[in-house]
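The values are calculated or read from the model by the stated rules, or taken from the named source; none is laboratory data. Computed from a predicted structure; not experimentally measured. Neighbour counts run over all protein chains shown; Cβ positions are idealised from the backbone, glycine included.
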Amino acid sequence: MTVCIAAVFEDSNRIIAVTDSRISSDEQSAEGVAKLFFLPRKRWAVMFAGDVRSATSLVERIRADMPREHDLNVDAFIQICETAYRTELLKGVETEILLPFGMSRHEFLTTGRQCFGDQRFDNLVERISQASLGVELLCAGFDDRGYPHLLEVTAAGAIVRCSHLPFHAIGSGALMALTSLYPLRIASETYEALIYRCCAAKFAAESSPGVGRETTVYTFGPQSDSIRHVMSGRLDPLRDVWMSLGQPPVPTEALAVVATGLKTAEQNHHASVRARPMLEQQWKEMQRRRGRIDSDDA
């Protein structure tokens, strides 16, 4: 499993997203897996806990159904998530349970009892009723009015609106992370302090099974160019401060580490913006030369 954390910083209308990067099973585990995906128009981020293959397929289906030309209200976004989950679950049932019989779910429900007899039909119905994608999603983003939302897609496909608190977590480390965040007065925190609190919650969650030590931190707002990759890796300087000084209050040393990460993220963003025209010109020149070579070969 894993841990994924999201929190809303209301003063500047930004969302903080923190994940680990471990995938694990009974046989093996590995670090370095991206667990956060930005959807088209970059107003929504999706994090996952659970089966990587199912999560990737589910997120890609959500991404494909997202409009490219306009933003959505939260109800429309929820409907896209619900439809994507139902579609992926149906695909799983038909490929993992019914494929050996060459049946769709509709054909099975229509003719299955006649084909298999009562006992075997009932056994297959039980397997189908227990089918799950084995994945949870934490969706964090902004609606068409720029209002922030946190949503959980449970392993059973239910959509939970996390509107009672300005933070949420999923995965095997969720309980430890939320236990760390519950006592906090989020409204009184500074931006840097809230980022630290989310990182501290992730550090606390590392005592849970399947949570890795590597950490990725993003922040973003309702604008498409507002995404900032603040920090990633083991975050040992921040972890050392957390282990030695703890919380609360937020240690000054921790704020310094977070501020450095935010400053670097801004510098990287502006550098990429400045470099974009040159890269586009290089791309056009490469395409022009390639076209000339192709025409000479012809």
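Hand me the list of helices (runs of 4 or more DSSP H) wholly inside the range 26-142 holding 3 or more residues that are touching a residue at least 60 places away in the same chain (Cβ under 8 Å) and touching a Phe, Trp or Tyr at 6+ places or on another chain (Cβ under 8 Å). Don't jump to the end; show me each part of the working.
Working: elements: 52-65, 74-96, 105-116, 118-129.
Here the list reads 52-65.
I'm told Thr87 meets every condition in (1) modelled with pLDDT of 95 or more; (2) among the polar types (S, T, N, Q); (3) crowded, with 18+ Cβ neighbours inside 10 Å except one. Can you identify the failing condition by its number?
Here Thr87 meets the rest and fails (3).
Regarding the range 243-263, can at least one residue be identified that is modelled with pLDDT of 85 or more and basic (Lys, Arg)?
Yes - at least one qualifying residue is present in the range 243-263.
Quick one: how many residues across the range 148-164 are surrounded by 13 or more Cβ atoms within 10 Å (Cβ to Cβ) and not in a strand (DSSP E or B)?
Total meeting the criteria: 4.
Please specify each residue of the range 145-166 satisfying the condition of being at pLDDT below 95 and under 24 Å from Phe203 (Cβ atoms).
Cys162, Leu165, Pro166
So, Phe203, is that one at pLDDT 95 or above, in contact with a Ser or Thr (Cβ under 7 Å, 6 or more places away or on another chain) and not basic (Lys, Arg) or not? Outline the logic, then answer.
Working: at pLDDT 95 or above: yes; in contact with a Ser or Thr (Cβ under 7 Å, 6 or more places away or on another chain): no; not basic (Lys, Arg): yes.
Against the criterion (at pLDDT 95 or above, in contact with a Ser or Thr (Cβ under 7 Å, 6 or more places away or on another chain) and not basic (Lys, Arg)), Phe203 does not qualify.
Read through the list (1) of a type outside the set (Phe, Trp, Tyr); (2) more than 9 Å from the chain's Cα centre (by Cα); (3) at pLDDT below 95; (4) under 16 Å from Glu136 (Cα atoms), then give the number of the only condition that Ser29 fails.
With (1) of a type outside the set (Phe, Trp, Tyr); (2) more than 9 Å from the chain's Cα centre (by Cα); (3) at pLDDT below 95; (4) under 16 Å from Glu136 (Cα atoms) applied to Ser29, the lone miss is (4).
Within the range 53-65, can you find the residues that are surrounded by fewer than 17 Cβ atoms within 10 Å (Cβ to Cβ) and within 16 Å of Gly92 (Cα to Cα)?
Arg53, Thr56, Glu60
For Asp236, only one of the following conditions fails: (1) in contact (Cβ under 8 Å) with a residue 40 or more places away in the chain; (2) over 20 Å from Leu151 (Cβ atoms). What is its number?
Among (1) in contact (Cβ under 8 Å) with a residue 40 or more places away in the chain; (2) over 20 Å from Leu151 (Cβ atoms), the lone unmet condition for Asp236 is (1).
Within the range 260-278, how many residues are closer than 14 Å to Ile195 by Cα and surrounded by fewer than 16 Cβ atoms within 10 Å (Cβ to Cβ)? I'd like the intermediate steps shown before the answer.
Step one: list which residues in the range 260-278 are closer than 14 Å to Ile195 by Cα, which gives 260-263, 265.
Then keep just the ones that are surrounded by fewer than 16 Cβ atoms within 10 Å (Cβ to Cβ); that gives 260, 263.
Residues meeting the conditions: 2.
The rows are residues; the columns are (1) under 18 Å from Arg161 (Cα atoms); (2) at pLDDT 95 or above; (3) charged (D, E, K, R).
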site	(1), (2), (3)
Ala34	no, no, no
Val46	yes, yes, no
Gly50	no, no, no
Arg61	no, yes, yes
Leu72	yes, no, no
Asp75	yes, yes, yes
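Residue check, Gly146 against (1) in contact with a Pro (Cβ under 6 Å, 6 or more places away or on another chain); (2) farther than 20 Å from Arg14 by Cβ; (3) of a type outside the set (Val, Ile, Thr), all met but one. Which one?
Of everything listed in (1) in contact with a Pro (Cβ under 6 Å, 6 or more places away or on another chain); (2) farther than 20 Å from Arg14 by Cβ; (3) of a type outside the set (Val, Ile, Thr), Gly146 misses just condition (2).
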